[in-house]
Amino acid sequence: MSKKLLLKDAHIEGIRYFDTYRKQGGYEAAEKALKMTPDEILEEVKTSGLRGRGGAGFPTGMKWSFLAKPEGVPRHLVVNADESEPGTFKDRYLMEFLPHLLIEGMLISSYCLGSNVSYIYIRGEYSWIPDILEEAIGEAKAAGFLGKNILGTGFDCEIYVQRGGGAYICGEETALLESLEGKRGNPRLKPPFPAVKGLWERPTVVNNVESITAIVPIIDITGAEYAKIGVGRSTGTKLISACGNINKPGVYEIDMTITVEEFIYSDEYCGGIKDGKRLKACIPGGSSVPIVPANLLLKTVNGEPRYMNYESLADGGFSTGTMMGSGGFIVLDEDQCIVEHTMTLARFYHHESCGQCTPCREGTGWMHKILKKIEKGEGKMEDIDLLWDIQRKIEGNTICPLGDAAAWPVAAAIRHFRDEFEWHVKNPELCLTQNYGLANYADPIPVAASN
Amino acid sequence: MSETIAFKPESLQQVHKIIARYPEGKQKSALLPVLHLAQKEFGGWLAVPVMDYVAELLSIKPIEVYEVATFYTMFNMKPVGKYVLEVCRTGPCMVSGSEKILNHIRTKLNIKDGETTADGMFTLKPAECLGACGYAPMLQLGKFYHENLTIEKVDEILDLCREGQLSLD
């Protein structure tokens, strides 16, 4: 069983509220941190090896160390709770059930970064969660953990919640800052990076919800102990939100040493494929990361087991591997049509493109149109090559990573399931009623073998 | 126009509280939260006079409000029904049968995507990923998510709406 750091108390009734959270040792890490210097906290975060949990996986300690500290200029911490990546719903779980874990993480992080006013930017659709967070903020303030002169240390910190308006692009840090400034969520050109010119042109750190909650156990057990959990550069624990054709969808905390096979088939996690069907493919890190067919998902090209960590999932690069991403784990069974699935993702990215860059604005719509045509049995063979060509022209040619996020699912689907696309073109009369799949499915593991 | 459109005193108080979250001169940051408040209070959508009123409140130009309001999908630019059914249809929801749910609603209410029923009761809006992938298929109604939907559950929800028994807030 994986070690639990973030969700260890999630099952406790009333953990949402300050008193219960406090009884379980809540805010002890904050008390400890406030006796340390900001530099000591930064060292702990660096030592922990924590990598940003929003998807990019950039080392958090290093990101914090880039924060400019000009005299007399306020700095800000902004928590990115604009969770909108298809397949990803882990931050929602943290905020809904463990709001004080986030508040405590923000308090420690704000102290380390010198932010006296910090913000949580949450996707607008999660419209009941701001009430939960605001209640928790009120409780923390009443107990002296927020506000002026926290615990007599002289440190002041306020936390505010801001609801977005329903735009996926606002999960990109500079678009988020634009939105927080009351503008359209158009990403900014980088540099300057937010660490130098962020919110209202002030030095700003933008971190994902899960990254900030992870600061609490890092201070609690020390960065060195945190780094011992996991493997290689995949230290600590990671939340995985599992969905699709599995028996037990939900949010799981893993220590990144388990195999993908164990995660999908064991009763502790996904509990196997629904209705005893075969595994066809999986998108393990949110919709933007490459889809991988079952045979390459469970084993690397060298025939070794693939593990649930940053390095192993990426093993083989884009041609054979995938990415940890945000941990949005979407499982597809043998009945799923890859062309249809890719079409819905292309529609998503077309809908969510901010329209600022031509390759993304025009390309995503074009890809959606072609995929829709193929899916309906009206495609031609050359459409598949055109699709490949368009995604190549989007990737790397936009201000922000939404272009890449739109291109990669299409590229991976064609790379691994080209014959399924071709079958749609060749069998227009059948493709609306019958799903076609490759032969490289994974069969369910016999019960005895999985025990 | 702003003589006839005005927030209730308690909402206005809320607006001033929101503005106070930001540094002096940065009141434009309050735009999204204030637009959410305005949409809720002025009939579920943002008419031009409402947006002008918001601009005046925040001391910004009306165009700054229009460009933001039209960018974000949560703001309605035309009148909507009392109940806006937002059904997620992206990736995991599609895999779990969201199209079946959407088709059922389309047929049952005799409306297409984006349309409102003749009695002004329901508007149907397909949505792109609402972050409920593990509990799909789902729909959002007002402030709340209704998850793990079946055709029967959808019928129950529609009936509760008609009876005025379903909370939106």
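For (1) in contact with a helix residue (DSSP H, G or I) (Cβ under 7 Å, 6 or more places away or on another chain); (2) modelled with pLDDT of 95 or more; (3) more than 29 Å from residue A:269 (Cβ to Cβ), each residue gets a yes or a no:
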residue	(1), (2), (3)
A:4	no, no, no
A:21	yes, yes, no
A:33	yes, yes, yes
A:41	yes, yes, yes
A:44	yes, yes, yes
A:57	yes, no, no
A:63	no, yes, yes
A:74	no, yes, yes
A:77	yes, yes, yes
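Residue check: residue A:302 meets all listed conditions (1) surrounded by fewer than 18 Cβ atoms within 10 Å (Cβ to Cβ); (2) out of contact with any Asp or Glu (no Cβ under 9 Å at 6 or more places or on another chain) but one, namely (2). For residue A:296, the stated conditions do not hold, so it cannot be described as over 30 Å from residue A:167 (Cβ atoms), aliphatic (A, V, I, L, M), crowded, with 20+ Cβ neighbours inside 10 Å and within 14 Å of another protein chain (Cβ to nearest Cβ). Criterion first (touching a Ser or Thr at 6+ places or on another chain (Cβ under 9 Å), among the charged types (D, E, K, R) and under 23 Å from residue B:73 (Cβ atoms)) does residue A:125 satisfy it? Judged against the criteria, residue A:125 is a match. Considering each residue of the range A:110-117 in turn, at least one proves to be away from chain B (no Cβ under 11 Å), hydroxyl-bearing (Ser, Thr, Tyr), under 17 Å from residue B:22 (Cα atoms) and not in a helix (DSSP H, G or I). In the range A:198-267, counting only helices (runs of 4 or more DSSP H) that sit wholly within it, the ones holding 3 or more residues that are of a type in the set (A, V, I, L, M, F, W, C) span A:209-221, A:260-265. Would a scan of the range A:166-184 turn up a residue that is more than 14 Å from every other protein chain (Cβ to nearest Cβ), touching a Ser or Thr at 6+ places or on another chain (Cβ under 6 Å), assigned to a loop (DSSP other than H, G, I, E, B) and open to solvent by less than 10 Å² (accessible area, probe 1.4 Å)? Scanning the range A:166-184 turns up no residue that is more than 14 Å from every other protein chain (Cβ to nearest Cβ), touching a Ser or Thr at 6+ places or on another chain (Cβ under 6 Å), assigned to a loop (DSSP other than H, G, I, E, B) and open to solvent by less than 10 Å² (accessible area, probe 1.4 Å). A count restricted to the range A:19-49 and to residues that are under 21 Å from residue A:92 (Cβ atoms) and crowded, with 16+ Cβ neighbours inside 10 Å stands at 2. For the range B:66-75: of the residues being part of a loop (DSSP other than H, G, I, E, B) and either modelled with pLDDT under 95 or crowded, with 17+ Cβ neighbours inside 10 Å (or both), which is farthest from the other protein chains (Cβ to nearest Cβ)? Here the answer is B:75. Go through the residues of the range A:68-90 one by one and say whether even a single one is surrounded by 23 or more Cβ atoms within 10 Å (Cβ to Cβ), within 14 Å of chain B (Cβ to nearest Cβ) and assigned to a helix (DSSP H, G or I). Checked against the condition, which is being surrounded by 23 or more Cβ atoms within 10 Å (Cβ to Cβ), within 14 Å of chain B (Cβ to nearest Cβ) and assigned to a helix (DSSP H, G or I), the range A:68-90 yields at least one hit. Within the range A:230-249, being out of contact with any strand residue (DSSP E or B) (no Cβ under 6 Å at 6 or more places or on another chain) and small (Gly, Ala, Ser) holds for A:230, A:232, A:234. Please indicate, with yes or no, whether at least one residue in the range A:341-350 is in a helix (DSSP H, G or I), under 30 Å from residue A:178 (Cα atoms), at pLDDT 95 or above and open to solvent by 70 Å² or more (accessible area, probe 1.4 Å). Yes, the range A:341-350 has at least one match. The lone criterion from (1) without any contact (Cβ under 8 Å) to a residue 40 or more places away in the chain; (2) closer than 30 Å to residue A:211 by Cβ; (3) open to solvent by less than 10 Å² (accessible area, probe 1.4 Å) left unmet by residue A:387 is number (2).
Could you check, for the range B:28-42, whether at least one of its residues is among the acidic types (Asp, Glu), under 24 Å from residue B:168 (Cα atoms), in a helix (DSSP H, G or I) and open to solvent by 20 Å² or more (accessible area, probe 1.4 Å)?
Within the range B:28-42, one or more residues are among the acidic types (Asp, Glu), under 24 Å from residue B:168 (Cα atoms), in a helix (DSSP H, G or I) and open to solvent by 20 Å² or more (accessible area, probe 1.4 Å).
Filtered by the rule that a residue be open to solvent by less than 10 Å² (accessible area, probe 1.4 Å), at the interface with another protein chain (Cβ under 10 Å from one of its Cβ atoms) and either closer than 17 Å to residue A:341 by Cβ or of a type in the set (S, T, N, Q) (or both), the range B:98-132 gives B:98, B:129.
Within the range A:119-135, the presence of at least one residue that is closer than 27 Å to residue A:35 by Cα, open to solvent by less than 10 Å² (accessible area, probe 1.4 Å) and within 13 Å of chain B (Cβ to nearest Cβ) is confirmed. Among the candidates A:214, A:227, the residue that is open to solvent by less than 10 Å² (accessible area, probe 1.4 Å) and either in contact with a strand residue (DSSP E or B) (Cβ under 7 Å, 6 or more places away or on another chain) or away from chain B (no Cβ under 14 Å) (or both) is uniquely A:214.
So that you can scan it fast, the table gives a plain yes or no per residue for (1) touching a residue at least 12 places away in the same chain (Cβ under 8 Å); (2) within 16 Å of the chain's Cα centre (by Cα); (3) at positive phi; (4) in a loop (DSSP other than H, G, I, E, B):
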position	(1), (2), (3), (4)
B:111	yes, no, no, yes
B:114	no, yes, yes, yes
B:118	no, no, no, yes
B:130	yes, yes, no, yes
B:140	yes, yes, no, no
B:152	no, no, no, no
B:157	yes, no, no, no
B:164	no, no, yes, yes
B:168	yes, yes, no, yes
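Close Cβ contacts (under 7 Å, 6 or more residues apart or on different chains) running from residues in the range A:266-289 that are more than 20 Å from residue A:253 (Cα to Cα) and open to solvent by 10 Å² or more (accessible area, probe 1.4 Å) to residues that are at pLDDT below 90 and not in a loop (DSSP other than H, G, I, E, B) comprise A:278/A:442.
Among the residues making up the range A:314-338, a single one is surrounded by fewer than 24 Cβ atoms within 10 Å (Cβ to Cβ) and of a type in the set (Val, Ile, Thr): A:320. Kindly indicate whether any position in the range B:46-65 is at pLDDT below 95 and either within 12 Å of chain A (Cβ to nearest Cβ) or open to solvent by 30 Å² or more (accessible area, probe 1.4 Å) (or both). No, every residue in the range B:46-65 fails to be at pLDDT below 95 and either within 12 Å of chain A (Cβ to nearest Cβ) or open to solvent by 30 Å² or more (accessible area, probe 1.4 Å) (or both). Only residues that are surrounded by fewer than 21 Cβ atoms within 10 Å (Cβ to Cβ) and more than 14 Å from every other protein chain (Cβ to nearest Cβ) were counted in the range B:133-169, giving 16.
Pick from A:155, A:145: which is part of a loop (DSSP other than H, G, I, E, B), more than 12 Å from every other protein chain (Cβ to nearest Cβ) and farther than 28 Å from residue A:13 by Cα?
It is A:155.
Which condition from (1) open to solvent by less than 30 Å² (accessible area, probe 1.4 Å); (2) within 12 Å of chain A (Cβ to nearest Cβ); (3) not charged (D, E, K, R) is the one that residue B:85 breaks? With respect to (1) open to solvent by less than 30 Å² (accessible area, probe 1.4 Å); (2) within 12 Å of chain A (Cβ to nearest Cβ); (3) not charged (D, E, K, R), residue B:85 is out only on (2).
The values are calculated or read from the model by the stated rules, or taken from the named source; none is laboratory data. Predicted, not measured: the structure shown is a model, and the values here were computed from it. Using ideal geometry, Cβ is built from the backbone for each residue, glycine included, and neighbour counts are taken over all protein chains shown. Just so you know, the surface numbers come from the protein's heavy atoms only, side chains and all, with ligands and any DNA or RNA stripped out. Shrake-Rupley method; radii C 1.70, N 1.55, O 1.52, S 1.80 Å.
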